[in-house]
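The values are calculated or read from the model by the stated rules, or taken from the named source; none is laboratory data. In this text the structure is predicted, and so the values were computed from the model without any measurement. Here the Cβ positions follow ideal geometry from the backbone for every residue, glycine too, while neighbour counts run over all protein chains shown. Calculation scope for accessible area: heavy atoms of the full protein, side chains included, ligands and nucleic acids excluded. Shrake-Rupley method; radii C 1.70, N 1.55, O 1.52, S 1.80 Å.
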Amino acid sequence: MIYLVEDDKSIRNLVEYALREKGYEVCGFSDGSNIVDEVRNKNIDLLILDIMLPEKDGLSILKEIREFSNLPIIMLTARTDEFDKVTGLDLGADDYITKPFSILELISRVKAVLRRSKKKDKDDLTYKEISLNTSKRRVKVLDEKIDLTYKEFEMLLLLMSNVGNVISREDFLLKIWGYDYEGETRTVDVHIASLRSKLKETGKYIHTVRNLGYKLGEI
């Protein structure tokens, strides 16, 4: 599903029609007043976001979304000011198209961003300020690289792959230490404590669930 936020009705209708002709599902909005909640609660593949919007501008919306989501976002605007382009990209936009544009160019950009997103999704996991890349076995907190042991990395990977779900100590032992590991579940607690410490302030997102285990997410 592609969401399009564009206050110019003629442009919005044209882009919606063109995307649907290429087989994409599209939902259009004339302003961004509710778009942050939509992104938070809906399964969206791509957001095409105009900068000049009534009530709330596109850069403010982009900044809010990047606080909790890596949703692919293409900025769409009539502005040609280099400052706006740089600001949008610095805030986390995936691409930037300046009006007037050709529909063929827009479709090409959409396809490219979606391709990059699918490839990235296979390797990257993100929760709030924590990002984990599986292929490079790299963890960053607030863009600072964090060094983890093999077991700590695997524990964080398990937690980030199951956000909101409780992982029991037995599951940690089974999936990370192996079927025949005879250690006590206390070793899980020790590794979790070390992991929390290395994650610094973001370690608070790993919650202890009494008598059950641990989970990453809200209480």
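Of the residues contained in region 148-158, one or more are found to be at pLDDT 85 or above, among the aromatic types (Phe, Trp, Tyr), more than 30 Å from Lys22 (Cα to Cα) and under 22 Å from the mean Cα position of the chain (by Cα). If the condition is being part of a loop (DSSP other than H, G, I, E, B) and crowded, with 19+ Cβ neighbours inside 10 Å, then region 1-15 contributes only Glu6.
Matching residues to (1) surrounded by fewer than 16 Cβ atoms within 10 Å (Cβ to Cβ); (2) assigned to a helix (DSSP H, G or I):
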{"site": "Leu132", "(1), (2)": "no, no"}
{"site": "Asn162", "(1), (2)": "yes, no"}
{"site": "Phe172", "(1), (2)": "no, yes"}
{"site": "Ile176", "(1), (2)": "no, yes"}
{"site": "Val190", "(1), (2)": "yes, yes"}
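Consider region 52-71 and keep the residues that are under 23 Å from Tyr127 (Cα atoms) and of a type in the set (A, V, I, L, M, F, W, C). The one that is modelled with the lowest pLDDT is Phe68. Criterion applied to Arg115, Arg109 was being part of a helix (DSSP H, G or I), open to solvent by 60 Å² or more (accessible area, probe 1.4 Å), touching a residue at least 24 places away in the same chain (Cβ under 8 Å) and closer than 26 Å to Ile74 by Cα, and the one residue passing it is Arg109. Of the residues making up region 134-160, those that are surrounded by 13 or more Cβ atoms within 10 Å (Cβ to Cβ) and not charged (D, E, K, R) are Thr134, Val139, Val141, Ile146, Leu148, Phe153, Met155, Leu156, Leu157, Leu158, Leu159, Met160.
Selection within region 16-44: residues that are open to solvent by less than 100 Å² (accessible area, probe 1.4 Å), without any contact (Cβ under 8 Å) to a residue 60 or more places away in the chain and in a loop (DSSP other than H, G, I, E, B). The member of this set that is nearest to Pro54 (Cα to Cα) is Asp31. Do we find that Leu47 is touching a Phe, Trp or Tyr at 6+ places or on another chain (Cβ under 8 Å), open to solvent by less than 60 Å² (accessible area, probe 1.4 Å) and either assigned to a loop (DSSP other than H, G, I, E, B) or not acidic (Asp, Glu) (or both) in this structure? Spelling it out, Leu47 is indeed touching a Phe, Trp or Tyr at 6+ places or on another chain (Cβ under 8 Å), open to solvent by less than 60 Å² (accessible area, probe 1.4 Å) and either assigned to a loop (DSSP other than H, G, I, E, B) or not acidic (Asp, Glu) (or both).
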